[in-house]
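What follows is a single structure, written as structure tokens, with notes after it.
The values are calculated or read from the model by the stated rules, or taken from the named source; none is laboratory data. Bear in mind the structure is a predicted one, so any value in this text is a computation, not a measurement. Note that we place each Cβ from the backbone using ideal geometry, even for glycine, and neighbour counts take in every protein chain shown.
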Amino acid sequence: MSEKATTDVNEAGIAVHWQEEEYVHPTTDFIAQANMTDPTIHDQFGLDKFPNCFKQYADLLDWYEYWHTTLDTSDAPCWKWFVGGKLNVSYNCVDRHLADNKNKAAIIYAPEPESEDHLVLTYQELYVRVNETAALLQDFCGLKHGDRVTIHMPMVPELPITMLACARLGVIHSVVFGGFSGKACGERIADSGSNVLITMDSYYRNGKLLDHKVKADEAVAIANEEGQEVDKVLVWQRYRDKYNSETPMVDGRDYFTYDVLKEYRGKRIDPVWVPAEDPLFLMYTSGTTGKPKGCQHSTGGYLAYAAGTSKYIQDIHPEDVYWCMADIGWITGHSYIVYGPLTLGATTVMFEGVPVYPDPGRAWRIAEQLDVNIFHTAPTTIRMLRKVGPDEPAKYNYKFKHMTTVGEPIEPEVWRWYHKVVGRGEAAIVDTWWQTETGGFLCSTVPGLEPMKPGSAGPAVPGIHPIIYDDDGKEVGAGGGAGNICIQNPWPGAFQTIWGDRDRYVTNYYARYNTNPDSKDWRDWPYLTGDAATLSEDGYYRILGRIDDVINVSGHRLGTKEIESAGLVVQEVAESAVVSMADELKGVVPDLYVSLKPGYEANDALKKKIIDAVIREIGPIAKPAHVHIVRDMPKTRSGKIMRRVLSAISNGKDTGDVTTLANPDIVEEIQKMVQGG
Ligand code: WTA
């Protein structure tokens with residue numbers, strides 16, 4: 001924990017200036033159809049009923065063997081849920097819906113080019129394709145229960161098919177966001193120990209067919225450098241009979257998935273019944289150090305939690321058409337495009353492209369055409385839609401009963417546009433606060449039960465019991481100001497550990513407020529979320545932003561260290577420091593400061609080289625707003641770079657007292673350079 005949320009100019013600093021808003025109530029029509037309207041729900045999930053209350057969620061699943069122990073704490077703080085139970089995720093998401101709903105749409109895919117038709121996969125079709133793909137993974141790739149496989153794919157139906165095929169075999173998937181670089185993918189392949197990479201030749205974004213396979217070659221090379229051999233690269237094709245990539249297929253390593261699949265036509269694979277506490281997937285996320293963390297999620301607990309929250313918070317009914325516009329490469333896509341909705345037997349919509357391409361009406365045309373009634377996206381997208389087409393939604397004939405916002409704080413003004421214009425003043429909105437680590441929602445209103453409050457995530461969801469601590473471990477109560485928000489109790493969706501690094505898991509998430517490291521009692525292990533928050537008198541939490549070295553760009557988590565080290569690969573760069581800069585659309589963006597090694601001159605070509613390096617190392621989402629080449633960094637006498645001062649400069653704020661720095665003069669120099677004048 002480097003800086004306190006309240007003193008820094010960061011997301012917290014920005015959000016804390018918002019006022020408490022008036023309640024907005026859900027409509028009677030919404031309440032009449034809502035999955036959850038029982039006012040005793042929070043009591044049913046009270047701490048006195050913990051952990052058995054979560055049986056309600058486990059019972060949304062089909063178990064091959066029912067579990068005997070709700071929560072096993074013997075290896076605290078690595079929690080085990082529903083111990084003794086066996087199940088299969090692909091069986092729960094696909095097979096069990098066949099008897100009554102085999103002809104129902106499971107996935108509807110909207111390609112980016114509007115000249116291409118929507119693709120509808122019924123549950124039966126999904127079943128066939130998952131089975132054939134599972135057969136291929138098992139027999140052609142030799143993958144089996146417990147192996148890891150890395151999937152680096154864009155938003156295409158083959159992505160959830162591949163995930164479900166892995167789950168069918170008990171193979172642990174690690175999906176890497178398609179927009180990440182080959183290098184980022186390679187590091188994740190190495191960390192997870194995957195010897196198979198599943199990728200795609202190309203995909204559409206903003207009207208262009210992008211070459212994606214090129215990243216696979218780089219990824220394999222990086223993984224090799226780190227000591228991980230990749231024996232097979234499976235390449236899905238955007239168009240089955242074409243190969244749209246500049247890079248050659250490597251003989252004996254690269255295979256077109258559709259070619260190999262011909263051998264497996266009609267094959268069925270019995271689901272592998274795995275223990276509830278077996279890992280289902282890894283999801284890498286950014287933390288305080290440069291190395292991304294592989295958050296390991298369980299099978300039974302995770303699926304139960306994704307299903308329970310999809311049912312009660314997303315209010316998904318089997319007959320709904322549900323569209324979450326996130327990318328499956330992030331946790332939101334795992335829980336709330338794939339696993340939650342499919343477990344409930346709903347219809348989930350996937351969109352390949354950008355919601356404002358080719359024009360600001362694109363998203364609303366999809367909603368109209370598919371008659372979407374539940375819509376899910378992030379504040380950064382809402383801001384963009386509002387900016388480029390504030391009046392567009394009114395031109396289309398769709399009706400949302402429910403909408404979600406996720407990933408970053410939403411400004412009340414933007415919330416109100418979302419509600420009034422996108423939701424026609426009728427949709428219930430849930431502002432869902434959670435994390436890659438948590439598997440599912442932590443705070444949100446229960447939409448048929450509790451009023452919305454713009455700018456506040458809401459109370460904790462059933463079964464989650466937050467507590468806000470100050471830096472000394474004293475509880476900050478309602479109305480008491482900002483502090484570090486923790487969760488007092490384990491819950492089934494929580495990740496199990498960091499892949500291969502239990503110590504880091506304990507240190508990062510549990511050590512801070514634990515007083516007895518030997519304790520086997522969950523009460524001694526509050527989970528540190530890494531966010532600052534306030535609690536108001538009515539029990540609503542407002543999330544202010546990260547307290548650690550994480551920047552949340554457009555709702556995508558990036559580690560400051562990752563961006564800084566990407567800057568440092570440029571040979572001329574001596575030091576690099578990144579800060580968050582407030583941005584009208586993206587919430588915050590990285591702003592990069594570098595100093596050069598002796599003998600080098602600042603110029604535009606060098607700035608471009610640094611920006612290119614960041615894009616190459618991480619991906620375009622990490623692109624800095626500016627590269628400021630400075631003569632020296634503001635430093636403390638002990639030599640620590642004062643990011644707080646740089647952050648104030650980037651955001652046009654007062655830098656505060658800098659007289660104690662080792663080099664106070666540099667502050668004014670940088671200020672002039674950045675702010676002009
Ligand atoms: C932030 C995304 C405010 C928070 C699901 C958290 C939010 C980080 C909200 C996790 C929200 C997420 N309001 N802030 N509704 N939702 N955050 O792991 O800082 O990509 O710690 O998971 O996003 O980002 P992650």
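Odds and ends about this structure:
- Across segment 520-546, the qualifying residues are those that are in a loop (DSSP other than H, G, I, E, B) and buried (at least 23 other Cβ atoms within 10 Å of the Cβ), and the one among them that is farthest from the ligand (Cβ to nearest atom) is Trp525.
- Residue list for segment 162-200, restricted to those being assigned to a helix (DSSP H, G or I) and of a type in the set (Ser, Thr, Tyr): Thr162, Ser192
- Residue-level analysis places Ala494 among those that are modelled with pLDDT of 90 or more, in a loop (DSSP other than H, G, I, E, B), over 30 Å from His628 (Cα atoms) and within 16 Å of the ligand (Cβ to nearest atom).
- Hits in segment 449-458 (condition: in contact (Cβ under 8 Å) with a residue 60 or more places away in the chain and crowded, with 20+ Cβ neighbours inside 10 Å): Met452, Lys453, Pro454, Gly455, Ser456, Ala457, Gly458
- Residue count for segment 142-172, restricted to those that are more than 25 Å from Ala326 (Cβ to Cβ) and either without any contact (Cβ under 8 Å) to a residue 60 or more places away in the chain or out of contact with any Phe, Trp or Tyr (no Cβ under 9 Å at 6 or more places or on another chain) (or both): 7
- Search result, residues across segment 437-453 that are more than 16 Å from the ligand (Cβ to nearest atom) and of a type in the set (A, V, I, L, M): Leu449
- Scope segment 181-200; condition buried (at least 24 other Cβ atoms within 10 Å of the Cβ) and either aromatic (Phe, Trp, Tyr) or without any contact (Cβ under 8 Å) to a residue 40 or more places away in the chain (or both); matching residues: Cys185
- Leu344 meets the conditions (1) within 22 Å of Val550 (Cβ to Cβ); (2) more than 16 Å from the ligand (Cβ to nearest atom) in every case but one. The failed one is (1).
- Segment 391-403 residues that are in contact (Cβ under 8 Å) with a residue 40 or more places away in the chain, paired with ones that are assigned to a loop (DSSP other than H, G, I, E, B) and acidic (Asp, Glu) (beta carbon under 7 Å, 6 or more apart): His402/Asp315
- Selection within segment 26-80 - under 19 Å from Gly448 (Cα atoms), of a type outside the set (Asp, Glu), free of Cβ contacts under 8 Å to residues at least 40 places away in the same chain and not in a loop (DSSP other than H, G, I, E, B): Thr28, Ala32
- Taking segment 625-665 as the range and being among the aliphatic types (A, V, I, L, M) and more than 20 Å from Lys607 (Cα to Cα) as the test, the residues that pass are Ile641, Met642, Val645, Ala648, Val658, Leu661, Ala662.
- Residues (within 14 Å of Val120 (Cβ to Cβ) and over 19 Å from the mean Cα position of the chain (by Cα)) located in segment 347-366: Thr347, Ile366
- Total residues in segment 387-406, condition more than 16 Å from the ligand (Cβ to nearest atom) and out of contact with any Gly (no Cβ under 6 Å at 6 or more places or on another chain): 13
To keep it simple, each residue is scored yes or no on (1) over 21 Å from the mean Cα position of the chain (by Cα); (2) at pLDDT below 95; (3) assigned to a loop (DSSP other than H, G, I, E, B); (4) buried (at least 20 other Cβ atoms within 10 Å of the Cβ).
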site: Thr432; (1), (2), (3), (4): no, no, no, yes
site: Glu437; (1), (2), (3), (4): no, no, no, yes
site: Pro447; (1), (2), (3), (4): yes, no, yes, yes
site: Ile464; (1), (2), (3), (4): no, no, yes, yes
site: Ile468; (1), (2), (3), (4): yes, no, no, yes
site: Asp471; (1), (2), (3), (4): yes, yes, yes, no
site: Gly477; (1), (2), (3), (4): yes, yes, yes, no
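- Unmet criterion (only one of (1) out of contact with any strand residue (DSSP E or B) (no Cβ under 8 Å at 6 or more places or on another chain); (2) hydrophobic (A, V, I, L, M, F, W, C); (3) closer than 30 Å to Leu210 by Cβ) for Cys53: (3)
- Looking only at segment 504-519, and only at residues there that are surrounded by 15 or more Cβ atoms within 10 Å (Cβ to Cβ) and within 14 Å of Gly473 (Cα to Cα), the one that is farthest from the ligand (Cβ to nearest atom): Asn514
- Residue match in segment 454-461 (condition: within 23 Å of Arg512 (Cβ to Cβ), hydrophobic (A, V, I, L, M, F, W, C), in contact with a Leu (Cβ under 6 Å, 6 or more places away or on another chain) and away from the ligand (no atom under 12 Å from the Cβ)): no
- Among the criteria (1) under 21 Å from the mean Cα position of the chain (by Cα); (2) within 16 Å of the ligand (Cβ to nearest atom); (3) not in a strand (DSSP E or B), the one Met384 does not fulfil is (2).
- Top-ranked residue in segment 547-581 [being in a strand (DSSP E or B) and away from the ligand (no atom under 15 Å from the Cβ); ranked as farthest from Gly639 (Cα to Cα)]: Met581
- Entry remark, segment 407-428: residues being touching a helix residue (DSSP H, G or I) at 6+ places or on another chain (Cβ under 6 Å), within 15 Å of the ligand (Cβ to nearest atom) and either free of Cβ contacts under 8 Å to residues at least 24 places away in the same chain or not in a helix (DSSP H, G or I) (or both) number 3 in total.
- Condition check for Asn103: farther than 23 Å from Phe351 by Cα and not in a strand (DSSP E or B): no
- Search result, residues across segment 361-380 that are out of contact with any Asp or Glu (no Cβ under 9 Å at 6 or more places or on another chain), part of a helix (DSSP H, G or I) and buried (at least 21 other Cβ atoms within 10 Å of the Cβ): Ile366, Ala367
- Checking each residue in segment 661-672 for being surrounded by 16 or more Cβ atoms within 10 Å (Cβ to Cβ) and either at positive phi or in contact (Cβ under 8 Å) with a residue 24 or more places away in the chain (or both) picks out Leu661, Asn663, Ile666, Val667, Ile670.
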